[in-house]
């Protein structure tokens, strides 16, 4: 089954540098919810299902905040790296959740059985290696969005996990994460050449 063309994706709200940088910054958000067909959507949903543990560890508000922040920053990285490509998909946000899980594992290492910790980190390393190799071998995979989302999720979850004991209101932390991600993404977009 064929997905939409680049022109159709632009019409639907895909992330496209000439438009995203010229008053249509909302495309950073809308592109997260668009996909190039059923296989693209299915792959992202399978990966999101695999990393659902992050929602249980952080709670819904912080999970959603990190997901949106990672997706926005991933969208910005995509425009900054490939301004004339049309990008869409949840991959930046999904990779953000894998980055978040990695950060939680690192911060909470002393609370986790050493064997379980090593096995989980090996699994994460394998996931990252496979995706890196696959991403670098395919022209149509936007590695900049993946890496930016991954980094955003890692830094965000690291901060959230460390602050959890000091700040008892998770929704306040969630708001802070979304605002920080939006500031980086939209501020960066504004700084790019038109």
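The values are calculated or read from the model by the stated rules, or taken from the named source; none is laboratory data. Please read these numbers as outputs of a predicted model, since none were measured by experiment. A quick note on method: Cβ atoms are made from the backbone with ideal geometry, for glycine too, and the neighbour counts reach across all protein chains shown.
Quick notes
- Checking the stated criteria, residue 187 turns out to be within 18 Å of the chain's Cα centre (by Cα), assigned to a helix (DSSP H, G or I), modelled with pLDDT of 90 or more and surrounded by fewer than 12 Cβ atoms within 10 Å (Cβ to Cβ).
- Some residue of the stretch 134-156 being assigned to a helix (DSSP H, G or I), crowded, with 17+ Cβ neighbours inside 10 Å, touching a strand residue (DSSP E or B) at 6+ places or on another chain (Cβ under 7 Å) and in contact (Cβ under 8 Å) with a residue 60 or more places away in the chain: yes
Matching residues to (1) over 18 Å from residue 89 (Cβ atoms); (2) touching a helix residue (DSSP H, G or I) at 6+ places or on another chain (Cβ under 6 Å):
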| position | (1), (2) |
| --- | --- |
| 147 | no, no |
| 151 | no, no |
| 168 | yes, no |
| 174 | yes, yes |
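- Residue within the stretch 65-75 that is in contact with a strand residue (DSSP E or B) (Cβ under 6 Å, 6 or more places away or on another chain) and surrounded by 15 or more Cβ atoms within 10 Å (Cβ to Cβ) present: yes
- Total residues in the stretch 13-38 satisfying the condition of being more than 11 Å from residue 89 (Cβ to Cβ), in a helix (DSSP H, G or I) and either touching a helix residue (DSSP H, G or I) at 6+ places or on another chain (Cβ under 6 Å) or free of Cβ contacts under 8 Å to residues at least 60 places away in the same chain (or both): the figure is 8.
- For the stretch 46-59, the tally of residues that are assigned to a helix (DSSP H, G or I) and free of Cβ contacts under 8 Å to residues at least 24 places away in the same chain stands at 5.
- With respect to the stated conditions, residue 8 fails to be outside any helix (DSSP H, G or I) and either free of Cβ contacts under 8 Å to residues at least 40 places away in the same chain or surrounded by 12 or more Cβ atoms within 10 Å (Cβ to Cβ) (or both).
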